[in-house]
1. Among residues belonging to the stretch 315-335 that are touching a residue at least 40 places away in the same chain (Cβ under 8 Å) and not in a loop (DSSP other than H, G, I, E, B), point out the one that is nearest to Ile49 (Cα to Cα).
2. Quick one: count up the residues across the stretch 248-263 that are of a type outside the set (Val, Ile, Thr) and over 17 Å from Arg291 (Cα atoms).
3. Please specify each residue of the stretch 256-281 satisfying the condition of being under 20 Å from the mean Cα position of the chain (by Cα), under 23 Å from Ile6 (Cβ atoms) and buried (at least 18 other Cβ atoms within 10 Å of the Cβ).
4. When you scan the stretch 104-143, how many residues do you find that are surrounded by 18 or more Cβ atoms within 10 Å (Cβ to Cβ) and on the phi > 0 side of the Ramachandran plot?
5. Can you report the number of residues in the stretch 154-189 which are within 14 Å of Pro335 (Cβ to Cβ) and β-branched (Val, Ile, Thr)?
6. Give me the residue from the stretch 315-330 that is surrounded by 13 or more Cβ atoms within 10 Å (Cβ to Cβ) and touching a helix residue (DSSP H, G or I) at 6+ places or on another chain (Cβ under 9 Å) and, out of that set, nearest to Ile4 (Cα to Cα).
7. Being assigned to a helix (DSSP H, G or I) and of a type in the set (Ser, Thr, Tyr) is the filter here, so list the residues in the stretch 140-152 that pass it.
8. What is the one condition in (1) in contact with a Lys or Arg (Cβ under 7 Å, 6 or more places away or on another chain); (2) over 27 Å from Phe159 (Cα atoms); (3) hydrophobic (A, V, I, L, M, F, W, C); (4) modelled with pLDDT under 95 that Val70 does not satisfy?
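The values are calculated or read from the model by the stated rules, or taken from the named source; none is laboratory data. Just so it is clear, the structure is predicted and the values come from calculations on it, not from any experiment. Using ideal geometry, Cβ is built from the backbone for each residue, glycine included, and neighbour counts are taken over all protein chains shown.
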Amino acid sequence: MLYILILTPECNGSCIYCGGFEEGLMPKELKFTIEDLKNFLSNDDKPSIAFYGGEPLLKLDVMIDIIDKVYAEHYILQTNGLLLHRLPKDYVREFSTILISFDGRREVHNYYRGNYDKVLKNVKEIGKFFDGELIARMVASRRTDIYEDVRHVISLNCFTHVHWQIDAVWCSRDGFDVWVEKYNRDVLRLFNFWIDEIGKGRIYNIVPFIGIATAFKKPFTYPPCSSGFESFAITTDGKVLACPICPDLEWNVLGDLWKGFRVGVEILDPCPRCEFFSFCGGRCLFFNRERLWGEDGFEKVCYTVKNLVKALKSKINEIPDVTYPKFLNTTEIIP
């Protein structure tokens with residue numbers, strides 16, 4: 001199983017679309033010991049640990065201590081990339097996957113996050129000796145052109161994969177309905193580019209495409225991120241969550257490090273009855289259960305999923321046999 005370990009809710013970034021964790025939702029420091037964590041994981045023969053935040057590299061000493069003392073089949077890191085240069089080379093090599101918050105073209109990334117050049121420099125430096133997955137994890141928001149921004153990431157030749165999540169539901173809906181129509185068209189442009197490149201013998205690791213292609217042979221029965229089923233988050237005070245967001249929601253709290261936890265969260269209608277369910281698994285556990293934009297907004301976001309799945313269905317005979325992910329690595333697959 002995958003255990004997403006929140007090292008701190010604090011972050012050194014100030015991304016426009018991110019509200020972060022509300023003050024007081026969890027302590028800023030770990031309130032459990034490494035021995036507590038080892039005991040919790042002792043019944044899992046092949047645990048994977050993903051370091052998460054906030055910004056986990058703010059707690060670099062804690063991260064290194066855990067890597068030194070707690071066994072994991074895979075170590076994974078989600079980071080904004082600003083402090084990557086502080087991670088010693090020997091510890092970089094311990095990771096199977098490193099996901100970097102990176103929004104595409106310089107002007108787009110800098111508008112939402114800033115520090116494009118600094119992050120890219122850090123990524124290029126570790127890319128010289130890191131042989132695991134190095135994933136550009138984008139947020140697709142109102143200034144994003146998904147075709148141009150994904151193509152830009154590919155052109156940099158320093159990430160092994162590119163993935164994105166749509167900035168929806170958590171934010172204001174202003175401008176979304178207009179933007180999403182262009183987004184859907186641009187997803188199709190990007191998909192056609194991907195298919196054309198396959199015809200030339202090049203397969204780009206665009207995660208939503210290779211992840212959904214995998215679902216044709218191994219259908220999803222719950223959200224592809226596996227939250228609450230094979231993936232669990234651990235807060236700084238030792239709660240076990242289905243999903244690392246919203247530690248205050250009752251349905252999301254499954255137990256704690258000391259008493260154990262339950263597996264499985266009910267996926268609500270209409271997702272299990274939908275013809276696309278085997279390709280998206282309900283998209284996202286939070287999205288499925290918390291209808292912050294109402295049913296109309298829920299359907300509007302679902303429209304993006306159906307657009308994507310239909311594109312892959314139309315060209316399935318041209319897509320080579322791919323399997324992604326090889327192991328749970330925190331990618332959600334479905335934008």
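1. Only one residue tops the list, namely Ile316.
2. 9
3. If the condition is that a residue be under 20 Å from the mean Cα position of the chain (by Cα), under 23 Å from Ile6 (Cβ atoms) and buried (at least 18 other Cβ atoms within 10 Å of the Cβ), then Val265 is the only one that fits.
4. 1
5. Final tally of qualifying residues: 5.
6. It comes out as Pro325.
7. Within the stretch 140-152, Tyr147 is the sole residue that qualifies.
8. Val70 satisfies every listed condition except (4).
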